[in-house]
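The values are calculated or read from the model by the stated rules, or taken from the named source; none is laboratory data. Here the structure is a predicted model, which means the values were calculated and not measured. We place every Cβ from the backbone using ideal geometry, glycine too, and count neighbours over all the protein chains shown. Accessible surface is based on the protein model in full, side chains and every heavy atom, while ligands, DNA and RNA are left aside. Shrake-Rupley method; radii C 1.70, N 1.55, O 1.52, S 1.80 Å.
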Amino acid sequence: MVDFGAAVSAAHFGSAVEAAQHVGELFGVFAFASSGALLAVRRDFDIFGIVVLACATALGGGIIRDLLIGRTPPAAFVDLSYLWTAVLAAAVIFFWHPSRRLTRGPLEVADAFGLGLFCVTGTVIAYSRGLGAPSAALLGLVTAIGGGVIRDLLGGQTPNVLRPDQIYAVPALVGAVATATLLHFGVYQAWTGALAALGAIAFRLLALRFGWHAPQARRYPRIKPPTDPTLPRRS
């Protein structure tokens, strides 16, 4: 005998999780778009440049993820709420923003929030398309760092993910792995996903605050070749 009450409860639970997922994506879009718009202000872009950089930052990672998993057309072109959220963030930054020399702090905070939210939502979307936990975590990482890479390249600076003085991809990877683990064992819920996102955000902000960086290859001092005392010195 079919338990219709249990089926309805499961459907409501699934719709609640999907709604929380969509809200998390929109918050991530707004945060990343704000970081792109702040960099555009810092580079003295006009209003068109601000909107372009905001949208590219907010939507780039998700578009890359969707193309890789065969989700075409990408969600950014189907659900225009993502685009309008990015445009709204660009408009807010255009009319209200700190002075150019003070944009770095807000930019890094907005970027950290986008990074943490997207590493979770990107992993969930990839897992829902049938990918295993490891592959879903990698695509969550791509979702989180893709927009930031596009922003930095269009803004004319070295991407944070490649800078030796930054820990950028590691917090996103930690959040994505935590989310994939929760999904694999069937214990993912809206609040556990929020905790994974907050953990990634806190990791990134602490790395910025205390100057953490990943290990680098050992650099050996340059050895000057010996000079011949019999040779005349250059004047």
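General observations
- Test: residue in the stretch 78-90 that is without any contact (Cβ under 8 Å) to a residue 40 or more places away in the chain and either in a loop (DSSP other than H, G, I, E, B) or touching a strand residue (DSSP E or B) at 6+ places or on another chain (Cβ under 9 Å) (or both): yes
- The stretch 70-89: number of residues that are open to solvent by 30 Å² or more (accessible area, probe 1.4 Å) and closer than 15 Å to Thr121 by Cβ: 3
- Residues that are outside any helix (DSSP H, G or I) and either open to solvent by 50 Å² or more (accessible area, probe 1.4 Å) or farther than 21 Å from His184 by Cβ (or both), drawn from the stretch 132-159: Gly155, Gly156, Gln157, Thr158, Pro159
- Filter pass, Val124 being closer than 23 Å to His213 by Cα and either in a helix (DSSP H, G or I) or not aliphatic (A, V, I, L, M) (or both): no
- Cβ pairs under 7 Å, 6+ apart, first in the stretch 177-203 and closer than 18 Å to Ser128 by Cα, second of a type in the set (Gly, Ala, Ser) and open to solvent by 50 Å² or more (accessible area, probe 1.4 Å): Ala190/Ala16
- Hits in the stretch 170-186 - residues which are closer than 17 Å to Leu208 by Cα and surrounded by fewer than 21 Cβ atoms within 10 Å (Cβ to Cβ): Val170, Leu173, Val174
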